[in-house]
Amino acid sequence: LLCAMHFLSSGINAEYGGSNKLTVNTKTGSGIALSPTFELKNDTLVASFESSGSPAEGFTLKEKWTSDNVTKTNFVVTDKLAKGLKVDLEVVVNPASGKKSATAKTAYKTDCFNGTFDANLDLAGPTLVATAVTEYSGVQGGAEVAFDTEKSKLTKNTIAVGYSQNDFNFVGFVRDLSLFEGLIHHKVNADTEVAAKLDWNNQTHACAFNFGAKHALDSSTNLRAKIDGTGQTTLSMTHKVKPWLNVTLSNQLNAKTLSGVSHGISFEANL
């Protein structure tokens with residue numbers, strides 16, 4: 001359920017061009033997957049190289065290097081200690097700064113329950129993060145807490161309640177007993193979806209609103225639109241030129257003043 005916010009938010013996010021991305025996916029005869037990625041965004045080129053393989057059934061080793069000279073290694077064990085249990089040890093190293101970090105992540109999943117427990121392996125005192133989500137007859141409930149053992153302090157607490165039908169989803173969040181969020185997603189028909197998001201902070205009394213829509217013109221062309229409470233509007237069209245190539249044309253403007261108009265085009269290739 002805590003991941004449902006990303007799912008519902010995707011319904012109100014119009015893609016804005018300006019980023020060009022190339023991803024190449026290949027696999028060796030021995031089963032090792034290789035994936036270099038290049039992304040040009042705001043005149044900055046960011047590159048990464050990721051490899052993954054399975055030395056034995058239930059074990060996965062992943063390695064990722066970025067052009068910032070940061071490496072990340074994941075050793076994942078799935079369904080070996082218990083059915084439905086995944087354990088992931090992640091190590092991040094930055095040779096330039098000398099910074100190193102490690103995180104142990106666990107996830108347990110059944111038909112009606114999904115729970116995670118993560119701990120960063122900081123000798124000064126790890127931060128513990130736990131989540132739990134359950135579901136019954138379309139009604140979901142979840143919670144997330146984070147505890148800093150060094151400061152003996154609860155740093156995050158979130159409660160979520162949701163409801164799902166075939167064409168309708170709702171999720172409500174309460175974060176740190178101060179931020180209230182509500183998301184609604186409705187699939188109007190096979191081609192059209194609409195979604196709305198409302199945030200309210202009871203400490204600052206600030207309120208934010210977003211509304212978006214997505215419409216599929218055909219199997220290869222999607223239209224997206226998004227507007228927020230300030231009038232900032234984004235319109236975009238994504239067309240699948242080839243099975244491996246997407247092109248997005250987009251426009252941003254302030255609907256209140258009809259100013260601040262900007263245009264963008266982006267290309268995303270997955271080979």
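The values are calculated or read from the model by the stated rules, or taken from the named source; none is laboratory data. This one's a predicted model, so the numbers in the text were calculated from it and none came from an experiment. Note that each Cβ is placed from the backbone with ideal geometry, even for glycine, and that neighbours are counted across all protein chains shown. Surface accessibility is based on the protein's heavy atoms, side chains included, excluding ligands, DNA and RNA. Shrake-Rupley method; radii C 1.70, N 1.55, O 1.52, S 1.80 Å.
When both region 42-118 and region 186-211 are represented by their alpha-carbon centers, they are found 32 Å apart.
Using alpha-carbon pairs under 8 Å, 6+ residues apart, how would you state the relative contact order of region 52-171 in percent? Walk me through the intermediate numbers first.
On the way: 260 pairs, mean separation 14.6, N = 120.
RCO, region 52-171: 12 percent.
Report, please, the projected area of region 32-180 averaged over directions, based on the convex hull of its C-alpha atoms, in nm².
On the way: hull surface 52.2 nm².
Projected area, direction-averaged: 13.0 nm².
Distance check, please: which entries in LYS72/LYS100; LYS64/LYS99; LYS27/LYS80; LYS80/LYS109; LYS187/LYS214 exceed 21 angstrom between their Cα atoms?
Where the Cα-Cα span goes over 21 Å, the pairs concerned are LYS27/LYS80.
Largest GNM mean-square fluctuation among ASP176, ASP228, ASP218, using the chain with Cα springs under 10 Å: ASP218.
Once the 1.4 Å probe is applied to the protein heavy atoms, the chain comes out at 61 Å² accessible per residue. Distance between the 7 Å Cα→Cβ label points at LYS41 and ALA82: 3.7 nm.
3J(HN,Hα) along region 140-153, derived from phi through the Karplus expression 6.51 cos²θ - 1.76 cosθ + 1.60 where θ = phi - 60°, amounts to 10, x, x, 8, 9, 9, 10, 10, 8, 5, 5, 9, 6, 9 Hz, with x in place of Gly and Pro.
Per-residue SASA remark: THR106, around 50 Å² accessible (1.4 Å probe; ligands, DNA and RNA not included).
The chain: percent of C-alpha pairs farther apart than 28 Å? Let's see the in-between values first.
Numbers: 19964 of 36585 pairs.
Result: 55 percent of Cα pairs exceed 28 Å.
Over the chain, with every protein chain in place, what whole percent of the accessible area is carbon and sulfur at 1.4 Å, could you tell me? All intermediate terms of the calculation are to be shown ahead of the outcome.
Numbers: 9930 of 16440 Å².
Within the chain, the accessible surface is 60 percent carbon and sulfur.
Using R0 = 45 Å, the C-beta based FRET efficiency linking VAL139 and SER30 works out to 0.45. For region 130-271, the calculated P(r) over all alpha carbon pairs, in 5 Å bins from 0 to the bin holding the longest distance, is 2, 8, 12, 13, 15, 14, 14, 12, 6, 3, 1 percent.
If TYR136, TYR163 are ordered by their accessible area, calculated over protein heavy atoms with a 1.4 Å probe, which sequence runs from highest to lowest?
On the way: TYR136 175, TYR163 85 Å².
Listed by decreasing accessible area, they come as TYR136, TYR163.
Across HIS186, HIS263, the residue with the most accessible area heads the list, and the full order at a 1.4 Å probe is HIS263, HIS186. Structure remark: mean-square fluctuation, Gaussian network model of the chain, C-alpha springs under 10 Å; the largest value among VAL241, VAL129, VAL174 belongs to VAL241. Working note: Cα atoms of region 31-101, range along each principal axis, descending, whole Å: 47, 27, 19.
Estimated at 0.36 nm per residue, the fully extended path between ALA216 and ASP228 surpasses their Cα-Cα distance by 2.1 nm.
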